[in-house]
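Notes to accompany the following structure.
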Amino acid sequence: MSKFSINSLLPFWASRIQPYPAGKPIEEVERELGHSAIKLASNENPLGPSPRALEAIRMSLDRVHLYPDSGGYELRRKLAEHLQLEMSQIILGAGSTELIELAAKTFLSGGDQGITSQSSFLIYRLAIQEAGAGLTLAPLEGMNVDLTAIRQAITPRTKLVFLANPNNPTGTSFTAAKFDAFLDAIPAHVLVVLDEAYYHYAAPGYSRSLDLVRAGRNVLVLRTFSKVYGLAGLRLGYGCGHPELIESLNRVRAPFNTSRPAQTAALAALEDREYVERSVELNFTEMRFVTEELTFLGIRFTPSNANFLLIDTARDCEQDFLRLLREGVIVRPMKVYGFPTSLRVTIGTHADNESFLAAMRRIARAPASANT
Ligand SMILES: Cc1ncc(COP(=O)(O)O)c(C=O)c1O
């Protein structure tokens with residue numbers, strides 16, 4: 001009997017994929033430390049879920065024996081009203097991550113090309129690779145996504161461009177005028193996936209993306225309930241685009257991809273404007289507090305339009321990550337994003353941020369070469 005070999009089943013491109021390094025789960029860290037920890041690693045909402053969403057989830061639990069509405073009718077109806085779009089312009093996904101992968105799966109195959117920025121959300125490059133397509137990484141311009149470099153990288157084989165605005169992990173954003181000019185300059189055979197996961201944290205008016213959707217342009221706008229709406233654990237995001245684009249994605253989408261509690265919670269979270277405002281305000285105040293303190297400590301950072309900061313400690317980020325972990329603070333080392341001396345830290349509650357800054361002060365005193 002010949003030996004079973006998984007490797008012989010695996011296409012060449014799949015064997016080259018580096019799996020996504022997810023943030024370390026807080027439960028795992030607490031188990032290892034034997035005491036509580038704070039997680040500032042995945043840009044979640046530090047206020048916890050909206051009370052109205054929680055109540056809605058509880059109410060939905062006695063129906064979890066039933067499959068959810070596969071097309072998410074009620075939630076898409078509410079989103080359409082909220083965003084002034086048609087329902088046919090909206091698709092739901094298990095987080096925007098699923099929609100990123102769905103766009104790649106729907107439109108890319110071997111021989112095609114997908115482009116993203118060299119230092120942007122890693123799922124974009126994974127999605128392009130998972131579809132078996134060629135991946136092009138455009139350089140940053142300073143710490144900003146370089147729309148000109150991306151435009152210049154487009155070839156006749158390019159089908160998809162993935163952009164985050166604000167960008168993760170730099171926290172920088174480009175203006176609506178810049179994006180309009182970019183869209184006007186690129187060929188019509190290219191679809192731009194514009195990921196606005198951090199939309200609510202950026203200055204109002206920085207984006208006019210939904211006007212572009214209304215105008216039927218070649219853009220798929222992605223948003224999520226994982227950040228300001230505080231529902232990361234439920235996995236719900238949505239995409240907005242031309243009805244034909246949405247219809248194409250729906251052909252490939254798995255049925256029942258978003259759960260019943262997630263749909264119900266998202267409906268309630270959309271209504272909870274007070275919670276959203278409070279979350280944005282907390283982020284604004286605390287961003288100012290953390291950046292002032294970092295400046296005082298002499299630690300460099302990139303000014304951010306999101307709910308996280310990219311900080312440069314000028315030391316090996318993996319070591320600083322481990323030092324902070326021992327202090328009970330989980331952040332993200334950014335080597336994998338091309339910043340070997342940087343950490344990405346989520347803006348937390350005032351108490352979280354105080355703990356993070358206290359830990360930074362303590363580790364700043366440790367010699368750079370100390371073993372962890
Ligand atoms: C730019 C960006 N897009 C999408 C996501 C994923 O969001 P979701 O939880 O909706 O999959 C993240 C998560 O950190 C992100 O930073």
- prompt: Can you find even one residue in the stretch 37-52 that is of a type outside the set (A, V, I, L, M), in contact with a Ser or Thr (Cβ under 8 Å, 6 or more places away or on another chain), modelled with pLDDT under 95 and in a helix (DSSP H, G or I)?
  reply: no
- prompt: Which residues, taken from the stretch 183-219, are away from the ligand (no atom under 13 Å from the Cβ), of a type in the set (A, V, I, L, M, F, W, C) and touching an Asp or Glu at 6+ places or on another chain (Cβ under 9 Å)?
  reply: LEU212
message: Could you check the stretch 234-261 and list, in sequence order, the residues that are more than 29 Å from ARG217 (Cβ to Cβ) and either within 16 Å of the ligand (Cβ to nearest atom) or crowded, with 19+ Cβ neighbours inside 10 Å (or both)?
response: LEU234, SER259, ARG260, PRO261
- prompt: So which of GLU74, GLU101 ends up being more than 16 Å from the ligand (Cβ to nearest atom) and outside the structural domain of LEU325 (by TED's automatic domain parsing)?
  reply: GLU74
message: Name the single residue that is surrounded by the most Cβ atoms within 10 Å (Cβ to Cβ) among those in the stretch 136-158 being in a helix (DSSP H, G or I) and among the aliphatic types (A, V, I, L, M).
response: ILE150
- prompt: Do we find a residue being in a strand (DSSP E or B) and out of contact with any Ser or Thr (no Cβ under 8 Å at 6 or more places or on another chain) anywhere in the stretch 194-212?
  reply: no
field: Unmet requirement for ASN167, which otherwise passes all of (1) under 26 Å from GLN89 (Cα atoms); (2) within 16 Å of the ligand (Cβ to nearest atom); (3) touching a Lys or Arg at 6+ places or on another chain (Cβ under 9 Å); (4) part of a loop (DSSP other than H, G, I, E, B)
entry: (3)
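Among the residues of the stretch 343-366, write down those that are under 18 Å from the mean Cα position of the chain (by Cα) and either closer than 14 Å to ILE299 by Cβ or of a type outside the set (Gly, Ala, Ser) (or both).
Residues satisfying the conditions are LEU343, ARG344, VAL345, THR346, ILE347.
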field: Residue that is nearest to the ligand (Cβ to nearest atom), among those in the stretch 150-164 that are of a type in the set (A, V, I, L, M, F, W, C) and farther than 19 Å from THR302 by Cβ
entry: PHE162
message: Contact list please: Cβ distance under 6 Å, first residue in the stretch 239-265 and part of a loop (DSSP other than H, G, I, E, B), second residue among the aromatic types (Phe, Trp, Tyr), pairs at least six apart or on different chains.
response: PHE256/TYR67
- line: Scanning the stretch 170-182 for residues that are without any contact (Cβ under 8 Å) to a residue 60 or more places away in the chain and within 16 Å of the ligand (Cβ to nearest atom) gives PHE174, PHE179
query: Between a first residue in the stretch 13-37 that is without any contact (Cβ under 8 Å) to a residue 12 or more places away in the chain and a second residue that is part of a loop (DSSP other than H, G, I, E, B), which pairs have beta carbons less than 7 Å apart while being 6 or more apart in sequence or on different chains?
result: GLU30/SER36; GLU30/ALA37
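The values are calculated or read from the model by the stated rules, or taken from the named source; none is laboratory data. All of these numbers come straight from a predicted model, not from anything done at the bench. Virtual Cβ from ideal backbone geometry, glycine too; neighbours counted across all protein chains shown.
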